[in-house]
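The values are calculated or read from the model by the stated rules, or taken from the named source; none is laboratory data. The model shown is predicted, which means the values in this text are computed figures rather than measured ones. Neighbour counts are summed over all protein chains in view; Cβ atoms, including those assigned to glycine, are modelled from backbone coordinates with ideal geometry. To get the accessible areas, we keep the full protein, side chains included, count just its heavy atoms, and leave off ligands, DNA and RNA. Shrake-Rupley method; radii C 1.70, N 1.55, O 1.52, S 1.80 Å.
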Amino acid sequence: MSMRKNLFLVLLCFLSVSLVGLAQPGPGSVNGMGNLQKNGKIKGRLIDGDSKVPMEYANVAIYKQGDGTLVTGGIGDVNGAFEIGNIPYGVYYVEANFIGYDKTMINDIKISPDKAVINLGDILLKPITEQLGTVEVVADRDRIQYKIDKKVINVSQDINAAGGTAVDVLQNTPSVDVDIEGNVSLRGSSNFTVLIDGKPSVLSGSDALKQIPSSAIQNIEIITNPSVKYDPDGVGGIINLVMKKNIISGFDGIVNVNVGTGDKYRSDMTLNYKTKKYNLSFGANWNDNTFHGKMNSERETWGNDTTTYLITNGKRNFSRNGYEFKGGMDYFLTEKTSVTVGGSVGHYGFEQTGGGKTHNYTIPADLDVYSNQISNGNRSGNYVSADASFSSKFDNEGNHKLEGSFNYRHRTGSSYDTDDEFLTDQNYVKTGGYLSRVRSTDDETDDEYRFKLDYTKPLADGGKFEAGLQSRIERSPENYIFENWDEASGTWENNDLYTSSMGFKRDIHAAYTTFSSSLGGFQYMVGLRGEYTNRQITHTKATEAYKINRADLFPSMHVSYNLPNEAQLMASYSRRINRPHGRDLDPFRSYMDKYTIRTGNPALKPEYTDSYELNYMHKFKKGSFLSVEGFYRATNNLISQVQTVGTDGIYYLSTTNMNNDYSLGTEVMGNIDIVKWLQVNTSFSLYDYRLKGQLNGASIDRESTNYTARLNTTVKFPDASRMQLMASYSGPTVSAQGDRSGMFFTNLSYRKDFMKRKLSVTASVRDIFGSMKMESNSYGDNFRSHFNMKRESRVFELTLSYKINNYKMDKNQNMENRDDNSFDDAY
């Protein structure tokens, strides 16, 4: 064991022991400070008045009975429990509230030396009810709810996402951008972590979000500044998908079917059987969707007094298909101990077809070639996942507990790409043989094992101590075969220049600890996570393995303060990491097409991001609110793709840590119930983006002012129907060697319920005005390129949703059996 690793482990042990020592009361004292307790505490549990299930993250405020002065406050945890200490002796009243619910008040609460601890028991919060015409309806939950450390998107309130995937939900979500091909970025970063019910997904990033049907999702949590209980991977933060879970005993379920113009089909179902001792669940989904598009690219290079042009016009279609079967069981051994097991098997597929008419010529003219290019790429595979976890509670409230989990992910994948280019005349009629014909196969297997143990202990005065251990073991062998077509023999021949094999091994061992409490009107949580990484890359063309042994520390801090008049102030900090992997680390050449070659870089360092946020939220009557969020993010060792043009005229792509970037901005979000039948949710983000670094000894400092705007308007009709209009605009931005233009699109949907709300029918049209397109530019010392793409517009979709036995979802569910808990769990 290395000296660095020894020091790392000693530091973690010292930190854990120190925090426990600071947190525990000393002998003969109550508050740990050697003084007799002179204050009291109030505790209780917040319950949904209709479903009778615990409510997470509801607010509790404590006021003086006489003059109504705000004394302190708190937030319920995932079990609805709250415990607020450091309350001076006196008489108080308590207000409990949550957006979309009526406020509940409890008067004449007396704290005295004889009764210093007041247990209010279960506090019921009733959903707001309204009269719409002659029909009484329960107020809808807001499409987006803002918690102390996250944004929660209630998928059921997003009619425009019906029949789509998680990507369609995120298209109109603050802090998130989605490009024309469905690739997601979080606060401008495409590096983020995707969790499903708090557990890692088999697929990663945008690939995972594109495969999961929106109809199977209860809500989506956007966490831009996670605590140290989460893995630090993903500089942008975390997107957690909370899947639907039934709350009513007996058998029930839901079935969804979707069809759209342009070959788009999707279906899924969820079935549940629940008793007091166990809960069984089963789900399945299938999809086959094609997305059509057109593209145009222009490349211009200069060298030896000659300018070379390459112009391509053609199609760029992509499709997604796959299926999944999943099941799980929650078994309650006792009232305080439960075991959960679950798993899934499935198949995924991504396909892209492109190419088109190509004109390659020079000025002065000594090259003038017309050709047709056909490029097809297919990536598909199978996956298996298995999960097992337990929870053992040591008190009735469930605040003192020990939890453990094991997760296994296995994925096989094969990418098959072909690229054919043949000669034509200037009218693009074939005249000769192939200019180039190649194909490649990339076979990969991924295995990942995770072990985790978490311990939570409540402390005096409402504080909480948490600690945990985690190990991640990853293995991923990869084989890449590249072949050229030999016209003379009519056979495929292996090309040793590009054919290779690579092995990837990475073990990450981590420990974390957090401490949370309150001080006056402030609630806070501080934490520290330590990780030790052992990584090894082997390659058939390398004589030695590329190894990394590294220790990292990741601190986090969250603070909140309840202000008068339903306002709240929140601040947070976290440190994140983006670990390079896969082909980004492969040092040998990889063929993309006749004109483009890619190489990786095994010396790539991880990106480290320091993220700061300051948020203000003010709640108004009837569920309206305004949120203002300021953020600053600084990334070191930014991993960037670099383009250069060789003397042979070929574009060479590589990755390097050539620069740092900085984002400073604000995000304003609001929810307004203008009248009973009209609700508007809107957001606007504005930030300054700076890129600093050097390339080949020259400065590549860039700067841009980026902005996005979103609008979601819902109109409710008396006949159990509603219409929703969504509009989104993303402004232009810059990169290390180029820029990208802005993008605007709108969607419209109409939903109506039948058969006492058992059957819902939704009709949608996406990109009403045909405005969704992407344009980008890249440039260097001896080249310039331009690319634009337009996706098919005015796509019509029809979605049917049928509930079996009055299927009712858990409105307050988040990551009930998840591996990681949010900051709100501290209270």
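Given a 1.4 Å probe, how much area per residue of the range 398-487 is accessible, in Å²?
Per-residue value: 43 Å².
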Revision key, fill the gap. Rounded to the nearest 10 Å², the accessible area of Glu703 using a 1.4 Å probe with every protein chain kept is 100
Study note, to complete from the structure: Toy charge model, Lys and Arg Cβ at +1, Asp and Glu Cβ at -1: the range 255-369 dipole around Cα centroid in debye, rounded to 20, equals 840
Exercise for review: Using a 1.4 Å probe over the heavy atoms of the protein chains, calculate the carbon and sulfur portion of the accessible area of the chain as a whole percent.
Suggested key: 56
Revision key, fill the gap. Flagged as over-length at 26 Å C-alpha distance, from Lys52/Lys619; Lys277/Lys752; Lys277/Lys326; Lys264/Lys326; Lys43/Lys452; Lys676/Lys756, the pairs are Lys277/Lys752; Lys43/Lys452
Exercise for review: At a Cα cut-off below 19 Å, give the aspartates and glutamates reachable from Lys692, other chains included and same-chain residues fewer than 8 away excluded.
Suggested key: Glu607, Asp610, Asp661, Asp701, Glu703, Asp739, Asp781
Point to revise | Part-to-part distance (alpha-carbon centres) for the range 254-318 and the range 396-426, which is given in Å | key: 15
Review point. Hey, what's the range 502-623 come to in accessible area per residue, 1.4 Å probe, Å²?
Key: 41
**Study point:** the chain, dipole about Cα centre (Lys/Arg Cβ +1, Asp/Glu Cβ -1), debye to the nearest 20
**Key:** 2120
Review point. Going by accessible area, probe 1.4 Å, with all protein chains left in place, what is the ranking of Arg589, Arg579, Arg550, largest first?
Key: Arg589, Arg550, Arg579
Exercise for review: For the range 680-743, give the magnitude of the charge dipole about the Cα centre (Cβ charges: +1 Lys/Arg, -1 Asp/Glu; no others), in debye to the nearest 20.
Suggested key: 140
Practice item. Grab the alpha carbons of the range 686-787, take their convex hull, and tell me the volume per residue in Å³. Key: 127
Practice item. Report, in degrees rounded to the nearest 10, the 0 to 90 angle that the Cα long axis of helix 3-23 makes with the longest principal axis of the chain. Key: 30
Exercise for review: Per DSSP H run of n ≥ 4, the term is -39500 (n - 2.57); total these for the chain, divide by its residue number, and report the mean residue ellipticity at 222 nm rounded to 500 deg cm²/dmol.
Suggested key: -1000 deg cm²/dmol
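Would you mind working out the accessible area per residue for the range 662-703, using a 1.4 Å probe, and quoting it in Å²?
Per residue, the range 662-703 has an accessible area of 53 Å².
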Check your understanding: Out of (1) 28.9; (2) 27.8; (3) 31.4, which label holds the value of Kirkwood radius over Cα pairs in Å that was computed here?
Key -> (1)
Revision key, fill the gap. Note to self: C-alpha centroids of the range 492-510 and the range 167-234 sit apart, in Å, by 28
